[in-house]
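Colleague: Mind looking over this structure? Questions follow.
The values are calculated or read from the model by the stated rules, or taken from the named source; none is laboratory data. Model, not experiment: these values are computed from the prediction. With ideal geometry, Cβ positions are generated from the backbone for all residues, glycine too; neighbour counts draw on all protein chains shown. Calculation scope for accessible area: heavy atoms of the full protein, side chains included, ligands and nucleic acids excluded. Shrake-Rupley method; radii C 1.70, N 1.55, O 1.52, S 1.80 Å.
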Amino acid sequence: MSHEPSATPPPAPRAIGRFARLVAVLLVAIGTASRAAPLLDQGGRMLRQWPTEDGYLMLTIARNMALGHGMSTADGTLPTNGTQPGFNFVEAAMFALAHGDKRNGVLLTQGVSLALALVAAWTLFRLGQRVLRERSWGGDAAAIAAAAWFASPNVVPHSMNCLETGLYHLLILRSLLVWHRFAERRAPETTVAATGALGLGLLLGAALWARIDGVFLVAAVCLAHLGVGVARGGAAVRARFLEATLAGAVAVAVFSPWLIHNKTQFGSFMPISGTAQAFGAQPGDNLSSVPAKLAEYASVVVPIPDPLEREPGMLALWSIVLVAWLAGVAVLRRFANASERAFMLVAALLFACFVVYYGALFGAAYFMARYLSPLSIGCALATTAGAFALHARLRAGATRRALPAVGAVALLAVSSATNARLYRDGTSHMHFQVVEWTESHVAEFQWMAAVQTGTLGFFHDRTVNLDGKVNPDALKHLIAQTTPQYVVEGRFGPEQGAIEYLADWAHSNTGAIGISKWIELDPIREHFKLIVDDAEKNLAVLKREGAP
């Protein structure tokens with residue numbers, strides 16, 4: 001199958017002006033310094049600032065893979081699929097290069113994350129250049145949008161968290177860029193471009209390996225591809241339908257080995273981490289977290305403090321801001337050309353999928369910023385393009401001449417200050433108090449357990465996960481509400497050792513009871529004693545009494 005060339009080639013991407021280039025270079029320098037500075041490990045930041053609790057879960061699995069234990073936790077004794085496999089393979093390669101050394105493996109992983117973030121920013125720039133190529137200011141807007149997104153304090157932590165997020169952002173961007181080229185390759189079309197659809201499908205399949213909710217990307221791209229055909233009418237609809245179907249089928253085929261593995265080995269297509277995370281969630285639980293997070297991404301570089309996100313008055317404010325921003329995007333669409341409308345269509349479909357699923361159907365509101373972070377891409381382009389379009393419509397005069405300089409100074413100042421705050425808080429970590437106590441009081445051969453075992457399980461190998469995110473046995477007991485029995489009766493490792501310590505937060509801020517309250521549960525209270533209950537450090541420890 002072949003395709004016809006367009007009669008008139010599209011205009012070349014707009015060049016970048018000297019002023020915009022300078023601002024973009026400074027923003028990239030800020031974003032690079034923000035990511036790289038903690039790796040110098042001043043004050044112990046390297047292990048504390050960027051890797052999150054869930055990031056350490058993936059690092060644990062990756063290290064076990066590098067040591068030949070396969071995807072597993074608990075000293076290689078508990079097989080798991082509670083991960084996003086694409087980046088986990090990359091992390092495993094880093095630990096193999098480090099010969100299993102924990103510290104060096106984490107450092108190499110963060111180095112790769114920094115490289116991925118730089119490539120993602122470049123890809124966003126190329127995407128913006130292409131989408132805005134008919135605008136006189138298109139090159140400048142693309143450069144500022146990409147650089148501001150790269151330096152955003154709302155994006156920087158997610159790109160360095162030792163999770164799949166940074167790779168996922170890059171594959172989303174690459175998929176959107178390839179699709180946009182493919183969607184605009186000719187007009188009108190009468191034949192199916194099978195080769196292009198195959199290449200797009202392979203890329204979408206790679207995005208699924210990075211993160212399973214890439215299914216929303218597949219759906220948005222395929223629907224948008226069909227939508228472009230509908231806009232052109234005639235034979236384009238049939239051709240676009242067949243191309244979208246082929247791309248989607250290839251993506252699923254590429255991802256199918258992971259789905260088959262999950263189903264045959266663990267009983268569900270969904271990884272156990274997703275099942276555990278969604279357990280107990282009620283429809284609509286997360287809706288109150290959506291406006292603030294989207295307002296952050298719409299602003300590109302302005303973070304909203306957590307205490308101000310869901311307080312009723314502030315929630316109303318963020319909702320108004322979000323509605324106003326969406327109204328501005330709707331106005332932009334009225335004046336958009338075909339290239340811009342195509343991108344706005346796929347971005348709107350992604351927006352709807354992520355907001356509906358994570359806002360109304362899923363749990364874990366405290367991860368909402370990460371779940372919605374793919375939307376930061378379209379938000380950055382829309383906000384920046386809107387600012388440039390508004391400036392272009394202003395009358396010539398002193399105000400119009402001064403605005404770029406004022407805006408650049410404000411953008412650089414906010415980016416610098418907020419990234420400096422990230423560094424200032426970089427020695428704090430919500431779970432290292434558990435690690436520090438364990439290193440001082442628990443021998444390497446002793447078995448421990450906790451609800452949250454990401455950080456603890458990375459530094460103490462013999463740690464059993466209890467919330468089911470990486471432990472299929474614990475997930476079964478969680479669903480059956482028999483976790484206390486599992487703690488008391490479970491036996492682990494070749495020597496069938498028993499859990500001797502429970503160590504975790506004394507008081508949970510996620511709605512669950514803290515580990516200090518577990519001493520009240522049967523049969524735990526008959527076999528364990530509460531030996532630490534430190535509210536200031538948010539640390540509690542239960543120790544088994546007598547022989548298991």
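Colleague: Return the Rg/Rh value of region 193-259, two decimal places, where both radii are evaluated on C-alpha atoms and Rh is the Kirkwood radius.
Modeller: 1.01
Colleague: Follow-up question, since we're still on this one. Find the centroid of the Cα atoms in region 349-376 and in region 424-474, then give the distance between the two in whole Å.
Modeller: 28 Å
Colleague: At 222 nm, what helix-only mean residue ellipticity would the chain give, in deg cm²/dmol to the nearest 500, using -39500 (n - 2.57) for each DSSP H run of four or more? Intermediate results must be reported in sequence, preceding the final value.
Modeller: On the way: 22 runs with 325 residues, N = 548.
My calculation for the chain gives -19500 deg cm²/dmol from helical runs alone.
Colleague: Right, here's the next one. Could you tally the net charge around Ala385, taking each other residue with its Cβ under 9 Å from the Cβ of Ala385, Lys/Arg +1 and Asp/Glu -1?
Modeller: Residues near Ala385 contribute 0 overall.
Colleague: Can I ask one more? Among Pro85, Val221, Pro404, flag the residue with its Cα farthest along the positive direction of the charge dipole of the chain, charges on Cβ as +1 for Lys/Arg and -1 for Asp/Glu.
Modeller: So the residue furthest toward the plus end is Pro404.
Colleague: Mind checking which of Ala292, Ala364, Ser415 is farthest towards the positive end of the chain's charge dipole, using Cβ charges of +1 (Lys, Arg) and -1 (Asp, Glu) about the Cα centre?
Modeller: The one lying farthest along the dipole's positive direction is Ser415.
Colleague: Among 340-352, 113-125, 414-426, how do they line up by average Cβ neighbours within 10 Å per residue, starting with the highest?
Modeller: Top to bottom by mean Cβ count within 10 Å: 113-125, 340-352, 414-426.
Colleague: Treating the beta-carbon of each Lys and Arg as +1 and of each Asp and Glu as -1, no other charges, what is the dipole magnitude of the chain about its Cα centre, to the nearest 20 debye?
Modeller: Using Cβ point charges on Lys, Arg, Asp and Glu, the chain gives about 2840 debye.
Colleague: With the dipole of the chain worked out from charges on the C-beta (+1 for Lys and Arg, -1 for Asp and Glu) around the Cα centre, which of Gln110, Thr245, Trp518 lies farthest toward the positive end?
Modeller: Result: Thr245, furthest along the dipole toward the positive end.
Colleague: To test your reading of the geometry: what angle, between 0 and 90 degrees and rounded to tens, separates the Cα axis of helix 290-299 from the longest principal axis of the chain?
Modeller: 50 degrees
Colleague: Also, quick follow-up: Based on the alpha-carbon set only, what is the convex hull volume of region 304-426 divided per residue, in Å³?
Modeller: 144 Å³
Colleague: Percent antiparallel among DSSP beta bridges with both residues in the chain, to the nearest 5?
Modeller: Numbers: 14 of 20 bridges.
Bridges in the chain are about 70 percent antiparallel.
Colleague: At 1.4 Å probe size, with the rest of the protein present, what percent of the exposed accessible area of the chain is carbon and sulfur atoms?
Modeller: 64 percent
Colleague: Could you name the aspartates and glutamates whose alpha carbon sits less than 16 Å from that of Lys263, not counting residues in the same chain fewer than 8 places away?
Modeller: Within reach: Asp473.
Colleague: Which values of log₁₀ I(q)/I(0), to two decimal places, follow from the Debye formula for the chain at q = 0.08, 0.09 Å⁻¹ with a uniform point scatterer at every Cα?
Modeller: Each listed q corresponds, in turn, to -0.56, -0.71.
Colleague: Let me ask something else. Roughly how many Å² is the accessible area per residue of the chain, as a whole number, for a 1.4 Å probe?
Modeller: 42 Å²
Colleague: With Cβ to Cβ distances under 12 Å as the rule, what net charge do the other residues near Glu444 carry (K, R +1; D, E -1)?
Modeller: Result for the neighbourhood of Glu444: -2.
Colleague: Over region 381-501, what portion of Cα pair distances is larger than 17 Å, expressed as a whole percent?
Modeller: 70 percent
Colleague: In whole Hz and in residue order, list the ³J(HN,Hα) couplings for region 206-222 that follow from phi through the Karplus curve 6.51 cos²θ - 1.76 cosθ + 1.60, θ = phi - 60°; x for Gly and Pro.
Modeller: Those phi angles translate into 4, 4, 5, 5, 6, 7, 5, 6, x, 4, 5, 5, 4, 5, 5, 5, 5 Hz.
Colleague: Mind ordering 283-294, 491-502, 170-181 by average Cβ neighbours within 10 Å, highest first? Don't skip to the answer; put the middle values down first.
Modeller: Values: 283-294: 20.0, 491-502: 16.2, 170-181: 22.4.
Listed from highest to lowest mean packing, they are 170-181, 283-294, 491-502.
Colleague: To continue, here is another question. Two-decimal Rg/Rh of region 142-225 from alpha-carbon positions, Kirkwood Rh?
Modeller: 1.04
Colleague: Rounded to whole Å and ordered largest first, report the semi-axes of the equivalent ellipsoid of region 60-129 derived from its Cα gyration tensor (root of 5λ). Present the calculation step by step, with values, prior to reporting the outcome.
Modeller: On the way: eigenvalues 161, 39, 10 Å².
That gives 28, 14, 7 Å for the three semi-axes.
Colleague: Could you give the semi-axes, largest first, of the ellipsoid that matches region 207-319, computed as the square roots of 5 times the alpha carbon gyration tensor eigenvalues and rounded to whole Å?
Modeller: Each semi-axis is the square root of five times an eigenvalue, giving 34, 25, 11 Å.
Colleague: Given the C-alpha centroids of region 15-47 and region 279-341, what is the distance between them in whole angstrom?
Modeller: 26 Å
Colleague: Let me ask something additional. Give me, ordered by chain and number, the residues 5 or more places off Leu78 or on other chains with an amide H under 5 Å from its own placed amide H.
Modeller: Thr73
Colleague: What do you get for the angle between helix 312-334 and the principal long axis of the chain? Use alpha-carbon atoms, 0 to 90 degrees, nearest ten.
Modeller: 30 degrees
Colleague: To continue, here is another question. If packing is taken as the average number of other Cβ atoms within 10 Å across a peptide's residues, how do 320-329, 269-278 rank, most packed first?
Modeller: In descending order of packing, they fall as 269-278, 320-329.
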